[in-house]
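Report on the structure given below.
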């Protein structure tokens, strides 16, 4: 992958995704890996840590971004209101900012997204395990996406994020397109369009 990234002049390279056990038990391996990568690649580097593990990564200072798969539990309920979702971000926000301030690196959401079903903003991994039996709820997805952008878009230490998921020509769904993470063709797409337009205009 690194060879391909180098040949195609890719601007950023993610050295790994959610290796929680490996990063804690084999830190020297990761330090050496990063050193080796830097001899071959001069673009930006990040690592994608799980939402419950980003405070424990030992090599953030050697990378350009603190990468986080941002599947935090924000608010319970079928369709939490945006204000409740914003309040639910507070403790996670503080932890993310604390790590960013300490390491002096920006936070990048290497993944963020919500299923378009009831209760999608709380323990999404459990919701996904029974997604086919969970009622469709586009508004819940849209509210959660809007709350995330409301909370973070003006923060200088937040470098944005990569949406999970957006399919070319809307192809590639995992068998439950009406319920999956992609906001394509749903209310959430309008929410993201509004925020991306605002964010790009400001920057």
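Overview of results
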item	result
Output for region 11-26, where each listed residue is more than 15 Å from the chain's Cα centre (by Cα), outside any strand (DSSP E or B) and either closer than 14 Å to residue 107 by Cβ or in contact (Cβ under 8 Å) with a residue 24 or more places away in the chain (or both)	11, 20, 23, 24
Single residue of region 85-111 satisfying the filter (within 17 Å of the chain's Cα centre (by Cα) and part of a loop (DSSP other than H, G, I, E, B)) that is farthest from residue 187 (Cα to Cα)	105
Subset of region 112-121 that is touching a residue at least 60 places away in the same chain (Cβ under 8 Å) and in a loop (DSSP other than H, G, I, E, B) - its residue that is surrounded by the most Cβ atoms within 10 Å (Cβ to Cβ)	116
Cβ pairs under 8 Å, 6+ apart, first in region 179-199 and at positive phi, second modelled with pLDDT of 95 or more	none
Residues being under 25 Å from residue 63 (Cα atoms), surrounded by fewer than 18 Cβ atoms within 10 Å (Cβ to Cβ) and touching a helix residue (DSSP H, G or I) at 6+ places or on another chain (Cβ under 7 Å) - total across region 141-162	2
Scope region 122-134; condition farther than 24 Å from residue 93 by Cβ and touching a residue at least 40 places away in the same chain (Cβ under 8 Å); matching residues	131, 132, 134
Test: residue in region 53-63 that is at negative phi and without any contact (Cβ under 8 Å) to a residue 24 or more places away in the chain	no
Residue that is surrounded by the most Cβ atoms within 10 Å (Cβ to Cβ), among those in region 6-26 that are under 15 Å from residue 48 (Cα atoms) and out of contact with any strand residue (DSSP E or B) (no Cβ under 9 Å at 6 or more places or on another chain)	24
Test: residue in region 69-80 that is over 14 Å from the mean Cα position of the chain (by Cα) and at positive phi	yes
Hits in region 42-56 - residues which are farther than 25 Å from residue 8 by Cα, more than 10 Å from the chain's Cα centre (by Cα) and surrounded by 15 or more Cβ atoms within 10 Å (Cβ to Cβ)	53, 54
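For (1) surrounded by 19 or more Cβ atoms within 10 Å (Cβ to Cβ); (2) in a loop (DSSP other than H, G, I, E, B); (3) touching a strand residue (DSSP E or B) at 6+ places or on another chain (Cβ under 8 Å), each residue gets a yes or a no:
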| position | (1), (2), (3) |
| --- | --- |
| 28 | no, no, no |
| 32 | no, no, no |
| 38 | no, no, yes |
| 58 | no, yes, no |
| 68 | yes, no, yes |
| 72 | yes, yes, no |
| 83 | no, no, no |
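The values are calculated or read from the model by the stated rules, or taken from the named source; none is laboratory data. The structure presented is a predicted model; accordingly, all values stated were derived computationally and were not measured. Neighbour counts run over all protein chains shown; Cβ positions are idealised from the backbone, glycine included.
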